[in-house]
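What follows is a set of notes on a single structure, which appears directly below.
The values are calculated or read from the model by the stated rules, or taken from the named source; none is laboratory data. Just so it is clear, the model here is predicted, and its values are computed rather than measured. Here Cβ is always computed from backbone atoms with ideal geometry, including for glycine, and neighbour counts include all displayed protein chains.
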Amino acid sequence: MNTLKSRELIQSVGFGNDKMYIELNNNRVLTVPYSYTKKLANVSLNDLKDYRLIANGMGIHFEKIDEDISIDGIIRDFGNETKRINISVSTSFLDLADQYAKEHNMSR
């Protein structure tokens, strides 16, 4: 079985004023602040736009600052207070989370 077919891979990268938007092959979008790494935080937007996808879409290499980030690393660091990101999820997933929370006297 080819694991790359079921793996989350980067489809495209967009850049805002203070964060980048990484679109995955499952239509989710990771919102990653430039403060995610020191090199990303201290570079111009034009330098950030000089990138290429690496490892068949598993990561991003920023050419001018010689920095690599990966989907696995971003997801691993998700809960870290100093490296917080947002992940877009479907409405149906949120509905399931709300139902579970309600059944267990919790909040989402």
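See the values below:
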quantity: The stretch 73-87 - residue that is charged (D, E, K, R) and surrounded by 13 or more Cβ atoms within 10 Å (Cβ to Cβ) and, of those, modelled with the highest pLDDT; calculated: ASP77
quantity: Close pairs from the stretch 79-108: first more than 17 Å from LEU24 (Cβ to Cβ) and in a loop (DSSP other than H, G, I, E, B), partner basic (Lys, Arg) and modelled with pLDDT of 75 or more, Cβ under 7 Å, at least 6 apart; calculated: none
quantity: Filtered residues of the stretch 44-62 (kept if touching a residue at least 24 places away in the same chain (Cβ under 8 Å), more than 28 Å from SER90 (Cα to Cα) and buried (at least 17 other Cβ atoms within 10 Å of the Cβ)); calculated: LEU48, TYR51
quantity: Candidates LYS39, LYS19, filtered to the one that is within 15 Å of SER88 (Cβ to Cβ) and among the basic types (Lys, Arg); calculated: LYS19
